[in-house]
Structures are given as C-alpha cells and as structure tokens.
Amino acid sequence: MQAKELILKSLEQSQGYLNNALDGLTQKEVAWSPTPECNSIGFILWHTVRVEDAMVNGAIQRKGEVYETESWREKLGTPPNETGGRYTLEQLQTWTVPKLEVLRGYADAVRAKTLTFLQSVTPMKLSQEVIRPGRPADTVGGILARISTEVAMHVGQICYLRGVQRGLNK
C-alpha cells in the first residue's frame, strides 16, 4: 500500500466514526461544552474542517479555500481568515455554533475537494516542498499526514463529547 492509500484509508475511517457520532445529535448537543473553557462538538468540527480546507486548498494547492470561494463563511456565520486553532477563552466563549446541517455541508464540500486532490497525487508530489510564511518548510506528504492525524484526533474528541452527553448506545 502506498502513502496516498494510507492517507485515504485514514480519512475514510475517521469519516465513518464522525458520521456515527454526529447522526441524531440535536443542535443543543452540538453546542454543548463540559465547561466554559472547553470546546463544543460544533467548534471542534468547524476547526477540523477549517484546518483541512486551509492546508489542502490553501497551502498545498494554492487555490482559494472552500470557506471563501464557495461562501461557506457566510453560510456558517463564522469569522474570516480563522481556523480557531489559537482561540482565546473570550473568542471561544463568544463563538456562535452554526447549525449542524450547515457544518456538515461545509465538511462534505471540503472533503470532496480533498479526495479529488488525493486521487491525483503522485509519489513525487508527496515529496514536494511546501513553503508557508512563518512556518517551517514541509512536504505535501508531511502536511497530508498531519491532516490525517488531526482529523482522527478531533473525531475522537467529538465521539467522546457525544458519549459524555448520551452515554452508551443512545
């Protein structure tokens, strides 16, 4: 199995877990957080998709992010040019959780672009250097591996928060 197939498989498995975790949630559950200093399912989902979008469509492909090019920022009602990765407590507490259906729409749009890109990736492309201002140089493969890890990590957080709210098998 090649690196591309491993990344695709990882994203596919994470997507299955994510779909199971999100299915049937109410908007109240999506917006809930255990304490004011913790993230909600909605925030974690938004952040995860924003990072994937920024990295694949912005940093690697140097195309516009789906967030802006397909007006998802307006549809979501979320801030421009942010991924939520370094939010302060005040920013987190004032962040408005978009409707789950809209978040899922954005996630689906970004994942479709990611999968289209991944289908075209060659081993040579995975080794290509990506220069990002203010960050160490990396390769396309290194960034894709990081995305796969970040998606899996955040999907686990979403699954946990669902479980905290609903318990087992609810």
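The values are calculated or read from the model by the stated rules, or taken from the named source; none is laboratory data. None of the values given here were measured: they were computed from a predicted structure. Because the Cβ atoms are built from the backbone with ideal geometry, glycine has one as well, and the counts that use them run over all protein chains shown. Heavy atoms of the whole protein, side chains included, go into the accessibility calculation; ligands, DNA and RNA do not. Shrake-Rupley method; radii C 1.70, N 1.55, O 1.52, S 1.80 Å.
A compact table of results
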quantity: Qualifying residue in segment 70-85 (condition: among the acidic types (Asp, Glu) and under 18 Å from Leu18 (Cβ atoms)); calculated: no
quantity: Some residue of segment 155-164 being touching a Cys at 6+ places or on another chain (Cβ under 9 Å) and surrounded by 14 or more Cβ atoms within 10 Å (Cβ to Cβ); calculated: yes
quantity: Pairs with Cβ under 7 Å, 6+ apart, first in segment 108-121 and not acidic (Asp, Glu), second not in a helix (DSSP H, G or I); calculated: Ala109/Glu70; Phe117/Gln61
quantity: Looking only at segment 131-149, and only at residues there that are within 27 Å of Leu76 (Cβ to Cβ), touching a helix residue (DSSP H, G or I) at 6+ places or on another chain (Cβ under 6 Å) and not hydroxyl-bearing (Ser, Thr, Tyr), the one that is surrounded by the most Cβ atoms within 10 Å (Cβ to Cβ); calculated: Leu144
quantity: Restricting segment 17-40 to residues that are open to solvent by 30 Å² or more (accessible area, probe 1.4 Å) and among the small types (Gly, Ala, Ser), the residue that is farthest from Lys99 (Cα to Cα); calculated: Ser33
quantity: Close pairs from segment 128-140: first in a loop (DSSP other than H, G, I, E, B), partner surrounded by 10 or more Cβ atoms within 10 Å (Cβ to Cβ) and among the acidic types (Asp, Glu), Cβ under 9 Å, at least 6 apart; calculated: Ile131/Asp138; Arg132/Asp138
quantity: Breaking point among (1) surrounded by 10 or more Cβ atoms within 10 Å (Cβ to Cβ); (2) at pLDDT below 95; (3) acidic (Asp, Glu), for Asp108; calculated: (2)
quantity: Answer residue from segment 86-100, given it is of a type in the set (Ser, Thr, Tyr) and assigned to a loop (DSSP other than H, G, I, E, B) and is surrounded by the fewest Cβ atoms within 10 Å (Cβ to Cβ) among those; calculated: Thr88
quantity: Filtered residues of segment 62-85 (kept if closer than 23 Å to Met153 by Cβ and crowded, with 16+ Cβ neighbours inside 10 Å); calculated: Glu65, Val66, Tyr67, Trp72, Leu76, Thr78, Glu82, Thr83, Gly84
